[in-house]
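The values are calculated or read from the model by the stated rules, or taken from the named source; none is laboratory data. On a predicted model such as this, the values are computed, not experimentally measured, just so you know. As a convention, Cβ positions derive from the backbone with ideal geometry for all residues, glycine included, and neighbour counts pool all protein chains shown. Note: accessible area is taken over every heavy atom of the protein model, side chains too, but ligands, DNA and RNA are not part of it. Shrake-Rupley method; radii C 1.70, N 1.55, O 1.52, S 1.80 Å.
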Amino acid sequence: MKFDIILPIFSEHRPRIATNMETYMRAITINKPSSLDTLSVIESPEPTPGHGEIVVQWRASSLNYHDYLVAIGMIPVVDGRIPLSDGAGDVVAIGEGVTKWKVGDKVMSAFFPNWIEGKVNKSKTLALFGDTVDGCAADKSCIGQDSVSRMPDGYSYAEAATLPCAALTAWRALIVEGNLQAGDTVLVEGTGGMSVFALQIAKAAGAYVYATTSCDDKIDQLKKLGADTIINYKTDPKWGSTIHKLSNGGVDHVLDIGGSTTLNHSIDAAKVGGHISLIGILGGFTAEMMLPKIFGKHIRMTGLSVGSVEMQNAMVKAINISGLRPIIDRSFAFQELGTAFRYQETGKHFGKIVIEY
């Protein structure tokens with residue numbers, strides 16, 4: 001008899017007993033009521049690929065703010081959901097009809113496994129890794145062959161695992177939606193994973209980058225990555241207007257991450273005809289804004305959430321050419337997921353937090 005034992009991270013759960021002889025793997029689940037205290041490591045049956053499917057053995061994942069909201073219950077999911085949208089690993093089994101991959105290929109997950117290409121629509125985004133479907137916080141997952149992309153050349157699993165959400169969001173905001181051109185000006189806010197990727201992508205494309213931080217200790221790190229002008233938003237309560245002045249009339253692209261706490265500053269910083277990507281909700285789910293400023297500046301605002309597999313493939317090609325490498329702040333072990341989220345809560349990280357299996 002195989003015992004399927006739930007191994008708690010921060011709390012106690014009674015063991016469950018499975019009566020079959022299946023092969024088992026580790027997985028982490030979110031249990032009601034959702035919180036970092038109810039995350040649990042369990043044993044779960046290993047997946048078997050069906051037609052057109054592959055099995056990926058995950059080697060690393062990374063944390064995003066979306067994953068954190070799922071883990072603490074701010075984004076409700078079904079009881080027992082396996083979290084984490086980002087993963088990198090090896091193809092270890094293929095089903096009938098698989099033509100794109102072979103055993104041993106190194107791949108990355110897709111945030112929206114059904115948004116393969118083309119314009120976004122509702123059906124393409126219903127499945128969301130680690131949210132509406134099980135994610136990467138497991139040793140293995142069964143995935144459609146179209147729902148992964150190849151890892152960049154020479155990347156470690158940990159490096160590749162930082163890309164599917166944060167890097168692709170920055171890529172879409174600047175390159176796909178923003179049509180970033182050499183010589184453009186860009187404002188990135190904060191030093192989380194997406195913002196650091198946006199800085200790196202913008203510099204690789206030849207842009208002038210303004211960056212904000214609340215910590216003077218992070219200024220040197222931003223400078224090393226190429227940030228041209230850095231503002232401490234804690235000491236400058238009108239930092240949006242300051243950037244507007246410093247840029248001689250506003251910046252071309254703004255990646256807004258805070259919603260209510262940053263949006264009006266982002267509007268102030270944008271130039272006439274500028275583009276603001278609405279990406280984050282670090283300041284809350286709602287925001288008030290002065291509509292006449294948007295009209296008067298002819299600002300284009302785009303709400304976006306990550307991107308398609310097609311966009312991810314294009315980003316990987318660019319990374320292979322540019323040599324961009326992600327900034328990893330800290331790595332945790334698989335069973336330390338709760339501890340990793342608590343570190344994320346502090347906001348002390350610069351770049352990405354990863355989980356290695």
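Taking the options Glu189, Glu159, Glu177, name whichever one is in contact (Cβ under 8 Å) with a residue 24 or more places away in the chain, of a type in the set (D, E, K, R) and within 13 Å of Arg325 (Cβ to Cβ). Result of the check over Glu189, Glu159, Glu177: Glu159.
Being open to solvent by less than 30 Å² (accessible area, probe 1.4 Å) and modelled with pLDDT of 95 or more: is that true of Val78 here? Judged against the criteria, Val78 is not a match. Of the helices (runs of 4 or more DSSP H) contained entirely in region 207-275, those carrying at least 1 residues that are among the β-branched types (Val, Ile, Thr) and more than 17 Å from Gly178 (Cβ to Cβ) fall at 219-224, 239-246.
None of Ala340, Ala318 is surrounded by 20 or more Cβ atoms within 10 Å (Cβ to Cβ), among the small types (Gly, Ala, Ser) and in a helix (DSSP H, G or I) except Ala340.
For region 38-51, residues that are among the small types (Gly, Ala, Ser) and either surrounded by 17 or more Cβ atoms within 10 Å (Cβ to Cβ) or out of contact with any Gly (no Cβ under 8 Å at 6 or more places or on another chain) (or both) total 2.
Tallying residues that are farther than 23 Å from Gly52 by Cβ and open to solvent by 10 Å² or more (accessible area, probe 1.4 Å) within region 120-157 yields 5. Count of region 321-337 residues, restricted to those that are part of a strand (DSSP E or B) and either at pLDDT below 95 or open to solvent by 70 Å² or more (accessible area, probe 1.4 Å) (or both), is 1. Would you call Val107 open to solvent by less than 10 Å² (accessible area, probe 1.4 Å), among the hydrophobic types (A, V, I, L, M, F, W, C) and without any contact (Cβ under 8 Å) to a residue 60 or more places away in the chain? When the stated conditions are applied, Val107 passes them. Filtering region 269-287 to residues that are touching a His at 6+ places or on another chain (Cβ under 7 Å), surrounded by fewer than 20 Cβ atoms within 10 Å (Cβ to Cβ) and not aliphatic (A, V, I, L, M) leaves only Gly273.
Among all positions in region 150-170, there is at least one residue which is part of a helix (DSSP H, G or I), over 24 Å from Phe334 (Cα atoms) and either at pLDDT 95 or above or not β-branched (Val, Ile, Thr) (or both). Looking at region 282-289, is at least one residue on the phi < 0 side of the Ramachandran plot and either in a helix (DSSP H, G or I) or in contact (Cβ under 8 Å) with a residue 40 or more places away in the chain (or both)? Taking every residue of region 282-289 in turn, at least one turns out to be on the phi < 0 side of the Ramachandran plot and either in a helix (DSSP H, G or I) or in contact (Cβ under 8 Å) with a residue 40 or more places away in the chain (or both). When the residues of region 21-37 are filtered to those that are open to solvent by 30 Å² or more (accessible area, probe 1.4 Å) and either of a type in the set (Gly, Ala, Ser) or touching a residue at least 24 places away in the same chain (Cβ under 8 Å) (or both), the one that is nearest to Asp105 (Cα to Cα) is Arg26. Kindly indicate whether any position in region 204-215 is over 29 Å from Lys293 (Cα atoms) and at pLDDT below 95. Checked region 204-215: at least one residue is over 29 Å from Lys293 (Cα atoms) and at pLDDT below 95. Out of the residues in region 53-75 that are touching an Asp or Glu at 6+ places or on another chain (Cβ under 7 Å) and closer than 20 Å to Ser305 by Cα, state the one that is most open to solvent (accessible area, probe 1.4 Å). Ranking the qualifying residues of region 53-75, first place goes to Ile75.
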